[in-house]
Each structure stands twice: as C-alpha cells, then as structure tokens.
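The values are calculated or read from the model by the stated rules, or taken from the named source; none is laboratory data. The model shown is predicted, which means the values in this text are computed figures rather than measured ones. All Cβ positions, glycine included, derive from the backbone under ideal geometry; neighbour counts span all protein chains shown.
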Amino acid sequence: MEIVLLSSMINSGHMLSVILLMTLMVTTTSGQESAISEPDSLIVVEQGFGGGNDSNVDYDAYVKELYGDTQQLKPKATEEKTATSMESNKREKRTGPAPGLFVNGRLNGMHIAINGASPFAVAEQLTSWYSYIDVGVTIKTAYEVYVEDIPIYTMFEVSTFSFENSYPQGGTFAGMAYIFEATRIGDNAAAVVGFGLWDGNLGSMLEANYRLRPTKNTFLRVGTRGVLISNVEPLGSAWWFELRVSMGLEL
C-alpha cells in the first residue's frame, strides 16, 4: 500500500513539472511575439523613409533627432564660401577697360586718342570773340588708383585752344593746353576731371563722353567738356563749353 502511494506521488510531481515547463515556454513565446509586433522608434523612422503615411508620427522630428538640422548648416556653408570668394576677388588686377593690342605687355591698358573740339557756349567776356576748331592728343597711362575698389585711370593731354577778338578791341587768347586728367571708364560712358595750364593760366576741366567701338581695339568717343580758367589777361576769369570728338586705339 505504501509503495503504491509513493509511486502515485512521484507520478503527480512529474506531471506538475511538465505543466510548469509548458507554461514557461508559452509565456516566453508570447513575449517574443509581443516584442516583434511592437516596433521601436528606429523602425518607425525607417518606415517613414520608406513612405509611411501615419499622420500621428512626426517623421521630421525623428530625422532632426537622429541627424540634426541639416537644412540650417547648408546656407551657412554657402555664405562662408561666398565670403571667401569675395575676399579672394577683392582688388583683382585689372589691365584696362578693354582688350589691347599688346596683351600681357607693358603697353596693355593704355590708349592714344586724337581729339577735335570747338566751343559752343562761352562766358560773357568771350561772346564777341571768335573760336576755331582745336586739336589735341590724349594718352591714357597704364597707372591706376582705387577708390572704394573702383579703378580710376590717369591720362595726359596736349591740345590747342584759340579765341580771337575783333570788337571792341583786338586781341587773342590762344596757345597750348597741358592737362593732367583722372577718368572713370565704364562699359560705354566715362567721366573725366582734370587740371592744367592753358597758355600759362591755371585752369580746370570736367568732361562726360560716350564711346563706341568699331572694332575690338579702336573706339570713337563723343562728349562735351567744360573749361574754367582762373585768370586771363585782360578778361579775368573765363569759361566755355565745347563739343569733342575723339578717335582712339587701345594699346
């Protein structure tokens, strides 16, 4: 009787162990399936890149969290590159307003022009004086100075001027003019200011002109110039405006 009871107890314990082991396996399997069915944030981000359309998920926020705000970095890099490029191009060497005949030569940036001019308006002291057509030569040097990164070119001019008075008294105001000029030359237009001597009398001039280019190295220039002479015997201070035509060659 005791042997049968002991055997029953052993069989019951064995059955209990089997039941506990099966319960543990079922629980473990359910936990793994639950873990697989619930994706983490990284998997959600990958689904977002794959075209997920869940309106409750902020995919942009996940991207910024993982990689940072890359959109703010790009403009900054572009600005730094632009600033570096502008700094490197600042005060870039310029050879002149137009290509010359002697590229990379010592004369490149210079030009020579032959001028013709005639007054069309004069001061009251010169209203009874006759004027004629004057001629001259202008040489643009290769020397230049910069004013706020704007190139200013230098020129030297030698020209004639002539006024003759027949009434109420005779006399002439004529001779040679020697003028040092500074000019700002644009694509077509230019402005010129100069100081010099007109037959030994100190004077100044201001000119505006427009330039045409028949060929790459030649130009035709039309403009107007105002001249002011400080003291002319016996006229005193005098001024006049003249029309000018020039033909030049870029060296």
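With respect to the stated conditions, Ala238 is modelled with pLDDT under 95, in a strand (DSSP E or B) and touching a strand residue (DSSP E or B) at 6+ places or on another chain (Cβ under 6 Å).
Among the conditions (1) among the β-branched types (Val, Ile, Thr); (2) buried (at least 18 other Cβ atoms within 10 Å of the Cβ); (3) closer than 28 Å to Gly100 by Cβ, the only one that Val227 does not satisfy is (3). Here Gln125 meets each of (1) outside the structural domain of Trp198 (by TED's automatic domain parsing); (2) in a helix (DSSP H, G or I); (3) of a type outside the set (Gly, Ala, Ser) with one exception, condition (1). Taken over the stretch 128-144, residues that are part of a strand (DSSP E or B), among the aliphatic types (A, V, I, L, M) and at pLDDT 90 or above amount to 3. Is it fair to say Glu124 is out of contact with any strand residue (DSSP E or B) (no Cβ under 7 Å at 6 or more places or on another chain) and under 19 Å from Trp198 (Cβ atoms)? In short, yes. Is it true that some residue in the stretch 162-185 is at pLDDT below 95, of a type outside the set (Val, Ile, Thr), closer than 18 Å to Gly100 by Cβ and surrounded by 14 or more Cβ atoms within 10 Å (Cβ to Cβ)? There is no residue in the stretch 162-185 that is at pLDDT below 95, of a type outside the set (Val, Ile, Thr), closer than 18 Å to Gly100 by Cβ and surrounded by 14 or more Cβ atoms within 10 Å (Cβ to Cβ).
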